[in-house]
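The values are calculated or read from the model by the stated rules, or taken from the named source; none is laboratory data. Since the structure is predicted, the reported quantities are computational estimates derived from the model, not experimental observations. We place every Cβ from the backbone using ideal geometry, glycine too, and count neighbours over all the protein chains shown.
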Amino acid sequence: MNIFGTYARYYNLLYRDKDYAGEVQFVDGLLQNHAPTTKSILELGCGTGNHALLLARAGYEVHGVDLSAEMLQQASDRLSILPTDTASRLGFSVGDIRTIHLNQQFDAVISLFHVISYQTTNEDLEAAFATVKAHLKPGGVFIFDCWYGPAVLSDRPNIRVKRLEDEEIQITRIAEPVIYPNDNLVDVNYQIFIKDKNSGAVSDFHETHMMRYLFKPEIDLFFAKFKIKLLGYGELVTNRHPGFDTWGIYLVGKNQ
């Protein structure tokens, strides 16, 4: 399931316009509202550590897990340039969120940037929820976001082009989705072109990210199975009630 091989090298540039700060502020608000004594957080699918770093700066102890060693190397490389008090609150482990066992429980478990939607089968989702349950203290909260089915089917995915650059490279990413309505899945086919601004050389690579869109009743089933009580849901950051135009939603539940 490690589909972030070459992609990991350009991840931070591709998503430098993502509102990580706004998302962390929103998650912090959820934690303060639903679990104000939270100190320790497990982040499942932490990527290059953008959310984890901001949460550590806010005072939380964060342990990030990701399947991509390349992503985690970038996250770990940051530790040496952080203030000691912030770096000491961060830790990372390579692992699959369906199978990892850290022999530790946390006040909260989070999984952002649609990591749960990368769990494309019922067995994958059940295993991911089992990981959450095993690592969450009684009364702790689970916060995650995912692709929301009503919006995906109403505002269907289409071809998109994204262009970005920094001092060294120019990137053009073409995303061509293929939807499988009977399986609740979308293949996002990425073709990425990288131009070296010094040499003018152009390289490219292709990756396919399979995503599952979810509906609230099926999420309710997983919450019930693992005895997690749903506390709230809505659009991430805005907290707007989800509808046909809400591609991504967050959910927060409390471990019983």
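Only one of the numbered conditions (1) part of a strand (DSSP E or B); (2) in contact with a Pro (Cβ under 9 Å, 6 or more places away or on another chain); (3) of a type in the set (A, V, I, L, M, F, W, C); (4) farther than 26 Å from E126 by Cβ is violated by F244, and that is (1). Among the candidates N184, N189, the residue that is in contact (Cβ under 8 Å) with a residue 12 or more places away in the chain and either farther than 25 Å from F223 by Cβ or of a type in the set (K, R) (or both) is uniquely N189. Counted as qualifying within the range 1-101 are the helices (runs of 4 or more DSSP H) with 2 or more residues that are modelled with pLDDT under 95 and among the aliphatic types (A, V, I, L, M), namely 11-14, 69-79. Looking only at residues in the range 149-170 that are of a type in the set (V, I, T) and not in a strand (DSSP E or B), the one that is surrounded by the most Cβ atoms within 10 Å (Cβ to Cβ) is V152. Against the test of being loosely packed, with under 13 Cβ neighbours inside 10 Å and not hydrophobic (A, V, I, L, M, F, W, C), the options R212, R173, R240 yield a single qualifying residue, R240. Of note, E23 satisfies the criterion of being crowded, with 16+ Cβ neighbours inside 10 Å and within 23 Å of G248 (Cβ to Cβ).
Listed by first and then second residue, the pairs with beta-carbon distance under 6 Å, at least 6 apart or on different chains, first residue in the range 55-76 and within 17 Å of Y20 (Cβ to Cβ), second in a helix (DSSP H, G or I) and not β-branched (V, I, T), are A58/D28; V62/A52; V62/L55; V62/A56; G64/A52; D66/L72; M71/A8.
Condition check: surrounded by fewer than 23 Cβ atoms within 10 Å (Cβ to Cβ) and over 13 Å from the mean Cα position of the chain (by Cα). Does A58 satisfy that? Criteria met by A58.
Filtered by the rule that a residue be among the small types (G, A, S) and either buried (at least 20 other Cβ atoms within 10 Å of the Cβ) or not in a helix (DSSP H, G or I) (or both), the range 108-148 gives A108, S111, S117, A128, G139, G140. Total residues in the range 232-244 satisfying the condition of being under 20 Å from the mean Cα position of the chain (by Cα) and either more than 22 Å from F129 (Cβ to Cβ) or among the acidic types (D, E) (or both): the figure is 5.
All conditions in (1) under 16 Å from the mean Cα position of the chain (by Cα); (2) surrounded by fewer than 17 Cβ atoms within 10 Å (Cβ to Cβ) hold for E43, with the sole exception of (2). If you go through the range 174-205 and keep only what is in a loop (DSSP other than H, G, I, E, B), among the charged types (D, E, K, R) and either at pLDDT 95 or above or in contact with a Lys or Arg (Cβ under 6 Å, 6 or more places away or on another chain) (or both), you end up with just D183.
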